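Written out below as structure tokens is the structure these notes cover.
The values are calculated or read from the model by the stated rules, or taken from the named source; none is laboratory data. Predicted model, so just to flag it, every value in this text is computed and none were measured. Note: ideal-geometry Cβ built from the backbone for every residue, glycine included; neighbour counts use all protein chains shown.
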Amino acid sequence: MDTLIEVLKKRVTASIEKALAGSLVAEEISADMAPCLQEEFGHYQCNSPLRLSKTLHMPPRVIAQKIVDGLDRSIYEKIDIAGPGFINLTLSPAFLSEQVQAILADPLLGAVKPKRQRVLVEFSSPNVAKELHVGHIRSTIIGDSLARLFEFLGHDVLRINHIGDWGTQFGMLITYMKRAAPDVLSGKTPTDLHALMDWYRAAKKQFDADTEFKKESQLEVVRLQSGEPTALFAWKLICDISRKGFQEIYDLLNIKITERGESFYNPELPKIVQALEQKGLITVSDGAKCLYLEGFKNREGEPLPLMVQKSDGGYNYDTTDLAAIYHRIYQDRADRIIYVTDNGQALHFQMVFAAAEKAGWLDPKKTQVDHVGFGLVLGADGKKFKTRSGDTEKLIDLILGAVEQARILLQERLPEAAPQEVERLAHVLGIGAIKYADLSCHRTKDYTFSYDRMLKFEGNTAVFLLYAYVRINGIKRKTHADIEEILAHHKVALKHSSEIALGLHLRRFGEVLELMARDLLPNRLTDYLYALAEKFNAFFRDCRVEGVPEEKSRLVLCEITARILKKGLDILGLQTVERM
Ligand code: ARG
């Protein structure tokens, strides 16, 4: 259904058209609406009179009056012309009640159903055998939330894991493991991602120090690239081990993602370079094939190219990304392509997008591409986050740490609960806390990781929101309400100012989802949900539910709140609990 702002926009636009159409062009007629910044002024405001004043050679307040004269007064409690000529609109409780009631019948809970698109969200994308750093959790959590949003809105979503599963580093890793862990490489002894990471570090050290090792590693790369069976077997094995390690994290975080790593594009790379050469876009510099783009410079101010083929004939990260965008445009036929990586790669993606446009593959009018960047994860000391024992602690332990902290908290609060129950709740709470803490800060900023902060009961935290949800369930239990029965026979009738404020906020859910889909900022939704929980708490404080004449209406209001809260949390990737 239309968002509330859209409903009002249509009405005000009709009035502008009636009063002023003769002297305006079409786009000027469309009303300029915004939510009121302060509740005491009204619910929504129209800013058109100021904008139209120049064209119409009329004072804004005169225009405002003309627009107001044409409005259907019955849906407003108050209409004010304020300041230089804003129109402040306060909706009548009856109209707002109807609007809020309508949410129940809408599968999108008040959001506009967009034209269905194919949206490709690339996220997580860790590197095989290499350090899996906390930045990858950020990408995983943010990317999953964006994918969930687009899925909820009805789009056809591809969740792609662009893992780093190819490159020269495999030469040194295989060489090292042939010597240090032959039984693992032959598949006889199982191992895990953690051990691989240790071998990787050791291999890198030796590669830098030992020329014989370095030579052997380079030969190994050639063997791998030419498809020599033992090298290929070792590579597959290493990828499998890593994959299992990654999957453990995805399972814990309840994340679904399809692997399509760098190696997937190998067969395409020569064709990509050829196509660029044919278009005359390649310059050879020191034997390497480069693609120069206007406006891209390095720190020294020199032109910065994408390097698509090294002097030794090898391809690299840039080539793979060009092949990937080509594939996503022509094979996947994506309408929108979203890349979730740290801010550090912003320039790389701007260049990939510019190159794809220059090559004539990407038409920004047809395909929207976005790099969704995010800041660093910081420790309590304000420095780049390192796990407790330096860099050797497993990432999974970091996540489980939050579950452990949640368990301690719950054991205190629910001393009589069964251990399995505590375990289940701790899981929901701990994982939810990690995700929410990440999503609730503006993603482009650095974010400070702290178990204490993320598990606080007060403030903008997962626990605070989950607790509001638990509270609603408590009311339902206390009143022994048969919700289905109540919904079938009763409607919400907003009266008290706290009810009105809650109702208005509920009806804005769709507006927030629209904003989040536009600028890809999950904190838009966390801010909204935090305000929702606060408004619900105010309602709960001011309005009795049980045993009052308004009981049924208020239970309907509680139910709508519960649905939106649950769905909002679901879009963030959080589960809810019934008690806590
Ligand atoms: N594997 C890369 C890293 O860990 C991230 C991949 C980002 N995606 C891409 N299409 N380049 O830094």
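Values computed for the structure shown
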quantity: Any hit, the stretch 377-393, residues being within 13 Å of the ligand (Cβ to nearest atom) and either surrounded by 15 or more Cβ atoms within 10 Å (Cβ to Cβ) or β-branched (Val, Ile, Thr) (or both); calculated: no
quantity: For PRO114: the one exception among (1) buried (at least 17 other Cβ atoms within 10 Å of the Cβ); (2) under 30 Å from ARG563 (Cβ atoms); (3) touching a helix residue (DSSP H, G or I) at 6+ places or on another chain (Cβ under 8 Å); calculated: (1)
quantity: Verdict on SER92 being modelled with pLDDT under 95, hydroxyl-bearing (Ser, Thr, Tyr) and touching a helix residue (DSSP H, G or I) at 6+ places or on another chain (Cβ under 7 Å); calculated: no
quantity: Scope the stretch 356-376; condition more than 14 Å from the ligand (Cβ to nearest atom) and either surrounded by fewer than 16 Cβ atoms within 10 Å (Cβ to Cβ) or closer than 22 Å to MET307 by Cα (or both); matching residues; calculated: GLU357, LYS358, ALA359, GLY360, TRP361, LEU362, ASP363, PRO364, LYS365, LYS366, GLN368
quantity: Helices (runs of 4 or more DSSP H) completely within the stretch 458-507 that count 1 or more residues being buried (at least 19 other Cβ atoms within 10 Å of the Cβ), touching a Pro at 6+ places or on another chain (Cβ under 8 Å) and not charged (D, E, K, R); calculated: 497-506
quantity: Cβ-Cβ under 7 Å pairs, at least 6 apart or on other chains, the stretch 310-323 side closer than 16 Å to GLN169 by Cβ, far side within 11 Å of the ligand (Cβ to nearest atom) and in a helix (DSSP H, G or I); calculated: THR320/GLU262; THR320/TYR265
quantity: Answer residue from the stretch 226-257, given it is of a type in the set (S, T, N, Q) and without any contact (Cβ under 8 Å) to a residue 40 or more places away in the chain and is nearest to LEU132 (Cα to Cα) among those; calculated: GLN247
quantity: Answer residue from the stretch 356-390, given it is farther than 17 Å from HIS442 by Cβ and aromatic (Phe, Trp, Tyr) and is modelled with the lowest pLDDT among those; calculated: PHE385
quantity: Residue count for the stretch 324-353, restricted to those that are over 21 Å from ASP286 (Cβ atoms) and without any contact (Cβ under 8 Å) to a residue 40 or more places away in the chain; calculated: 8
quantity: Elements of type strands (runs of 3 or more DSSP E) in the stretch 193-311, at least 2 residues being surrounded by 15 or more Cβ atoms within 10 Å (Cβ to Cβ); calculated: 288-297, 303-309
quantity: Subset of the stretch 140-175 (residues that are farther than 29 Å from LEU232 by Cβ and within 12 Å of the ligand (Cβ to nearest atom)); calculated: GLY143
quantity: Filter pass, GLY187 being within 13 Å of the ligand (Cβ to nearest atom) and in contact (Cβ under 8 Å) with a residue 24 or more places away in the chain; calculated: no
quantity: Residue satisfying all of: in the stretch 117-129; closer than 27 Å to GLU514 by Cβ and within 12 Å of the ligand (Cβ to nearest atom); surrounded by the fewest Cβ atoms within 10 Å (Cβ to Cβ) among these; calculated: GLU122
quantity: Pick from the stretch 118-157, criterion of a type in the set (A, V, I, L, M) and at pLDDT below 95, ranking: farthest from GLY261 (Cα to Cα); calculated: VAL134
quantity: Residue satisfying condition, being in contact with a strand residue (DSSP E or B) (Cβ under 8 Å, 6 or more places away or on another chain) and away from the ligand (no atom under 16 Å from the Cβ), within set GLU294, GLU277; calculated: GLU277
quantity: Test set (1) in a helix (DSSP H, G or I); (2) crowded, with 18+ Cβ neighbours inside 10 Å; (3) modelled with pLDDT of 95 or more; (4) not acidic (Asp, Glu) - LEU71 fails condition number; calculated: (1)
quantity: Residues (part of a helix (DSSP H, G or I) and either among the polar types (S, T, N, Q) or modelled with pLDDT under 95 (or both)) located in the stretch 525-575; calculated: THR526, ASN537, SER553, THR561
quantity: When residues of the stretch 324-347 are limited to those that are crowded, with 17+ Cβ neighbours inside 10 Å and hydrophobic (A, V, I, L, M, F, W, C), the one nearest to THR168 (Cα to Cα); calculated: ALA324
quantity: Test: residue in the stretch 333-355 that is modelled with pLDDT of 95 or more, within 13 Å of the ligand (Cβ to nearest atom), among the polar types (S, T, N, Q) and under 17 Å from PRO305 (Cβ atoms); calculated: yes
quantity: Single condition GLN45 does not satisfy, out of (1) surrounded by 16 or more Cβ atoms within 10 Å (Cβ to Cβ); (2) away from the ligand (no atom under 16 Å from the Cβ); (3) at pLDDT below 95; calculated: (3)
quantity: Of all residues making up the stretch 22-61, the number that are part of a helix (DSSP H, G or I) and over 16 Å from LYS78 (Cα atoms); calculated: 17
quantity: Residues of the stretch 7-41 classified as under 18 Å from VAL100 (Cβ atoms) and surrounded by fewer than 16 Cβ atoms within 10 Å (Cβ to Cβ), total; calculated: 2
quantity: Members of the stretch 444-464 that are hydrophobic (A, V, I, L, M, F, W, C) and either under 22 Å from ILE137 (Cα atoms) or modelled with pLDDT under 95 (or both); calculated: PHE449, MET454, LEU455, PHE457, ALA462, VAL463
quantity: Residue match in the stretch 546-559 (condition: within 27 Å of the chain's Cα centre (by Cα), under 30 Å from ASN254 (Cα atoms) and surrounded by fewer than 17 Cβ atoms within 10 Å (Cβ to Cβ)); calculated: no
quantity: Single match in LEU104, LEU132 (criterion: within 16 Å of the ligand (Cβ to nearest atom) and among the hydrophobic types (A, V, I, L, M, F, W, C)); calculated: LEU132
